[in-house]
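Report on the following structure.
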Amino acid sequence: MISLYVDGSCLENQNVSKDTPAAWGLVVVKGDNGLGKGTGEIFEELSGVVVTSPESENYLGAEIGSNNTAELSGFAEALRWLLVKGDDTPAVIRTDSLYAGNLATGKWKAKANTRLVETLQTLWREVISIRKVEWEHVKAHRGHRWNERADHLALRCAQGIAPSPLSFWKPGQR
């Protein structure tokens, strides 16, 4: 089983706009048991900004930078990773955002960020048609090592600074 931990971050999550700094982090872990103790090994780490320009090749549908669009973008990037780099190994996407997980699967109906949610749901359907994948909620900022690492990647990306290398990083360090 492959675990993909995703998180989003927004520096100014009030009065958000197209230019509000927001970003996502993704940690791909092999051999993780999901309990938050840091079992398993990191296979890959990625992060990126929330893209709000329809002209960008990485545009997923976000109209503004916000914590919600960062969470949704991170979940979408995990699905894209599964499509491009993943094999047929079963996968679980772990996020601290009930919003992202429930919108991705269609359990909740989008009231905002509809274009981004449409992209996310299309990716979800495409991935589940070719492999076993599920998602799980993890509690934020509770010391779950890989969720904390995804949070660190997202925050640092939103700040425009490089993340701490894993060898120097401690869970809970933002």
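Inter-label distance, K111 to E136: 3.0 nm, where each label sits 7 Å from its Cα along the C-beta direction. For W135, the residues 5 or more places off, or on other chains, whose built amide H falls under 5 Å of its own are I93. A helix-only calculation puts the chain at -10000 deg cm²/dmol for mean residue ellipticity at 222 nm, using -39500 (n - 2.57) for each DSSP H run of at least four residues, averaged over all residues.
Once C-alpha pairs closer than 8 Å and six or more residues apart are averaged by separation and normalised to the residue number of the chain, the relative contact order reads 30 percent.
Separation of region 42-117 from region 10-37 is 10 Å, based on Cα centroids. Each Lys and Arg adds +1 at its Cβ and each Asp and Glu adds -1 at its Cβ; summed about the Cα centre, the chain shows a dipole of about 480 debye.
Which aspartates and glutamates does K139 reach when only Cα atoms under 19 Å apart count, and residues fewer than 8 places away in its own chain are ignored? Candidates past the 8-residue exclusion: D7, D32, E71, D96, E148, D151. Ordering of 117-124, 65-72 by packing is 65-72, 117-124, highest average first (other Cβ atoms within 10 Å, averaged per residue).
Our estimate of slack between E41 and E118, defined as 0.36 nm per intervening residue step minus the Cα-Cα distance, is 24.5 nm.
Computed from the coordinates by the stated procedures, all read-outs in this text should not be read as laboratory data. All of these numbers come straight from a predicted model, not from anything done at the bench. Every residue, glycine as well, gets a Cβ built from its backbone with ideal geometry; the counts of neighbours run over all protein chains shown.
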